[in-house]
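For reference, the structure discussed in these notes is given below.
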Amino acid sequence: MELQDMIKKGTTTVGLICEGGVVLASERRATMGSFIASKAAKKIYLVDDRIGMTTAGIVGDAQTLVRAMSVEARLYKIRRQEPLSVKGLTTLLSNVLSGQRMFPFIVQLLIGGIDRKGAHIYSLDPFGGNTDEKEIAATGSGSPIAYGVLEDRYSKDMSIEDGVALAIQALHSAMKRDSASGEGMEVLVITKEKHEEISGEKIKEIRSSFN
């Protein structure tokens, strides 16, 4: 089995840059082949106050990287008295992934956040390659379906509220057609002022308009 096939076994995560911030979203189904291993898997993590990460791939690998990056971000803040930039954290993570070529972390990641230079989203592959996604990004087996919705309806000047609705709609469409994506959703919004997890009630309300 090729590495890319292993990564795309399950999951749909999306990220988009909006006016004033970043939206990261994911569904919550975890699979082991055709078996649904969990209906409440966590796939979005806050690694610093204004930087989030979405994960697709092997859960253990993803959690190891999240823990490592969270520690590095805290240490940087203690030493430098300022937060690590989104690009800085992405470069550090890229180096970690690149250093494990013989035994790679089986993951596909999105790093999204905001710093003094603005909002950013980067996608990373298992070997450390990273791409500065200027507008939208999606990972996992449901990403082709999610991209269809995102590319059709995204605009650079959309508000955070509209961005949240679009991310949910993209996941909603992916969950209808991709068997490895399903159950609930989690949505994280990051702005200069705060980070906020969108409540399950609000997500359910938005989803109901797409049925």
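The values are calculated or read from the model by the stated rules, or taken from the named source; none is laboratory data. The structure displayed is predicted, hence computed values, not measured ones. Neighbour counts run over all protein chains shown; Cβ positions are idealised from the backbone, glycine included.
Could you tell me whether ILE190 is within 14 Å of GLY15 (Cα to Cα) and among the hydrophobic types (A, V, I, L, M, F, W, C)?
Working: within 14 Å of GLY15 (Cα to Cα): yes; among the hydrophobic types (A, V, I, L, M, F, W, C): yes.
Criteria met by ILE190.
Looking only at helices (runs of 4 or more DSSP H) that lie completely in the range 92-211, which have at least 2 residues being among the basic types (Lys, Arg)?
On the way: elements: 143-153, 160-177, 200-208.
Qualifying helices (runs of 4 or more DSSP H): 160-177, 200-208.
Would you check which residues across the range 27-73 are under 14 Å from THR13 (Cα atoms) and modelled with pLDDT of 95 or more and list them?
ILE44, TYR45, GLY52, MET53, THR54
Could you say which residue among GLY163, GLY200, GLY184 is at pLDDT 95 or above and either out of contact with any helix residue (DSSP H, G or I) (no Cβ under 6 Å at 6 or more places or on another chain) or under 24 Å from ILE36 (Cβ atoms) (or both)?
On the way: GLY200 fails: at pLDDT 95 or above; GLY184 fails: at pLDDT 95 or above.
Every option except GLY163 fails the conditions.
Could you check, for the range 74-87, whether at least one of its residues is on the phi > 0 side of the Ramachandran plot and modelled with pLDDT under 95? Step through it out loud before you land on a result.
So in the range 74-87, the residues on the phi > 0 side of the Ramachandran plot come out as 81.
Still in the running and modelled with pLDDT under 95: 81.
For the range 74-87, residues on the phi > 0 side of the Ramachandran plot and modelled with pLDDT under 95: present.
Please list, ordered by first then second residue, the pairs with beta carbon atoms under 8 Å, 6 or more apart or interchain, first in the range 144-159 and loosely packed, with under 12 Cβ neighbours inside 10 Å, second among the hydrophobic types (A, V, I, L, M, F, W, C).
LYS156/ILE17
With a cut-off of at least 2 residues that are surrounded by fewer than 18 Cβ atoms within 10 Å (Cβ to Cβ), name the strands (runs of 3 or more DSSP E) lying wholly within the range 12-85. Walk me through it before giving the result.
Details: elements: 13-18, 21-27, 30-32, 35-38, 44-48, 51-57.
Because the criterion is at least 2 residues that are surrounded by fewer than 18 Cβ atoms within 10 Å (Cβ to Cβ), the strands (runs of 3 or more DSSP E) in the range 12-85 that meet it are 35-38.
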